[in-house]
Amino acid sequence: MIPWKLLDKARVPDGGGELCLHCRGQEFSIRVDGVELMNSRSHGSEDALADLACQGIANRPAPRVLVGGLGMGFTLAAALARLPPDGLVVVAEISPAVVAWNRGPLAELAGRPLENPRVRVREEDVGRVLLENPGAFDAILLDVDNGPGGLSRKANNALYGKAGIARAFSALSPGGVFAIWSAAPDPAFAGRLGQGGFSVREVRVRARSGSKGGRHVVWIAKREK
Ligand SMILES: C[S@@+](CC[C@H](N)C(=O)[O-])C[C@H]1O[C@@H](n2cnc3c(N)ncnc32)[C@H](O)[C@@H]1O
């Protein structure tokens, strides 16, 4: 077994945990305070997050999509693949180190999506991008923790409460889609999405594409008006 090697580390801004980038052979892992946030061998559900969200909006003229956060770029790359040539993707990533890793050792994993001219990078909290852009997005794809709870930073808890859900609602255009990735079901969070004015579909998706492995959860929450 090849041992893991630490390539780099950085603290998540605004009181977050310690992010570490590890590799062994061709495999990469991003961990926060020792807990794996993302592994390069398993991105079926991260791709599905983009597939499911973009299905509902790909026919719109010049669709605008917000991806938060970047991780290893798989959700971003899948969104780019699903959107028309006039589509635009804003990616909000709170850690400048993660952006640098995606321009360096992680760049090839998802096919260098940051170099795509349809991508705009915002090195900041996705919550702030939501607040500053009312009605701006046709879809919001959220994968910043391992589910609706602040793992990368405690302050992320605010994204999943009533006020955070209202913020996502306001940042969407009518009929827009708020899609959220999670490692496991969370009925209370799904309930809050419904109370926030969304119609909610919970989809179980394979962790790895085509495999018989475990399943993750994607909520597709549609803003009806
Ligand atoms: C699980 S990874 C995302 C994986 C990604 N979907 C992919 O396909 O590789 C979570 C990412 O969100 C970032 N992040 C955490 N909190 C954030 C926040 N509040 N705003 C923006 N990015 C955040 C982390 O630094 C990390 O890069």
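The values are calculated or read from the model by the stated rules, or taken from the named source; none is laboratory data. Computed from a predicted model, the values in this text were never measured in an experiment. Note that each Cβ is placed from the backbone with ideal geometry, even for glycine, and that neighbours are counted across all protein chains shown.
State all residues of region 216-225 that are in contact with a helix residue (DSSP H, G or I) (Cβ under 8 Å, 6 or more places away or on another chain) and either over 16 Å from Pro148 (Cβ atoms) or part of a helix (DSSP H, G or I) (or both); if no residue qualifies, say none.
Result: Arg223, single match.
Take the residues in region 124-135 that are assigned to a loop (DSSP other than H, G, I, E, B) and within 14 Å of the chain's Cα centre (by Cα); name whichever of them is surrounded by the most Cβ atoms within 10 Å (Cβ to Cβ). Let's see the steps before the verdict.
Taking region 124-135 and keeping what is assigned to a loop (DSSP other than H, G, I, E, B), we get 124-125, 133-135.
Retained after the next criterion (residues that are within 14 Å of the chain's Cα centre (by Cα)): 124-125.
On the way: Glu124: 16, Asp125: 23.
That would be Asp125.
State yes or no: is Pro148 touching a Ser or Thr at 6+ places or on another chain (Cβ under 7 Å) and either more than 30 Å from Gly25 (Cα to Cα) or surrounded by 19 or more Cβ atoms within 10 Å (Cβ to Cβ) (or both)? Step through it out loud before you land on a result.
On the way: touching a Ser or Thr at 6+ places or on another chain (Cβ under 7 Å): yes; either more than 30 Å from Gly25 (Cα to Cα) or surrounded by 19 or more Cβ atoms within 10 Å (Cβ to Cβ) (or both): yes.
Yes; evaluated as a whole, the condition is true for this residue.
Go through (1) surrounded by fewer than 24 Cβ atoms within 10 Å (Cβ to Cβ); (2) within 14 Å of the ligand (Cβ to nearest atom); (3) over 26 Å from Gly17 (Cβ atoms) one by one and return the number of the condition Val89 breaks.
(1)
Is it the case that region 58-80 has a residue that's surrounded by fewer than 16 Cβ atoms within 10 Å (Cβ to Cβ), modelled with pLDDT of 95 or more and within 14 Å of the ligand (Cβ to nearest atom)?
no
If you scan region 45-57, which residues turn out to be touching a helix residue (DSSP H, G or I) at 6+ places or on another chain (Cβ under 6 Å) and surrounded by 24 or more Cβ atoms within 10 Å (Cβ to Cβ)?
Glu46, Leu49, Ala50, Cys54, listed by residue number.
Those residues that are within 13 Å of Gly68 (Cβ to Cβ) and touching an Asp or Glu at 6+ places or on another chain (Cβ under 6 Å), I need them from region 135-152; list them, please.
Ser152
Please specify each residue of region 186-225 satisfying the condition of being of a type in the set (Gly, Ala, Ser) and either at pLDDT 95 or above or within 18 Å of the chain's Cα centre (by Cα) (or both). Before the answer, list the steps.
Start the filter on region 186-225 by keeping residues that are of a type in the set (Gly, Ala, Ser), which leaves 188, 190-191, 194, 196-197, 199, 207, 209-211, 213-214, 221.
Once the filter is applied, which keeps residues that are of a type in the set (Gly, Ala, Ser) and either at pLDDT 95 or above or within 18 Å of the chain's Cα centre (by Cα) (or both), region 186-225 yields Ala188, Ala190, Gly191, Gly194, Gly196, Gly197, Ser199, Ala207, Ser209, Ala221.
Looking only at region 31-42, decide whether some residue is within 14 Å of the ligand (Cβ to nearest atom), closer than 18 Å to His216 by Cα and crowded, with 21+ Cβ neighbours inside 10 Å.
Checking region 31-42: at least one residue is within 14 Å of the ligand (Cβ to nearest atom), closer than 18 Å to His216 by Cα and crowded, with 21+ Cβ neighbours inside 10 Å.
Working only within region 112-123, note down all residues that are part of a strand (DSSP E or B) and not charged (D, E, K, R). Talk me through it step by step, then tell me what you get.
First, the residues of region 112-123 that are part of a strand (DSSP E or B): 119-122.
Correct list: Val119, Val121.
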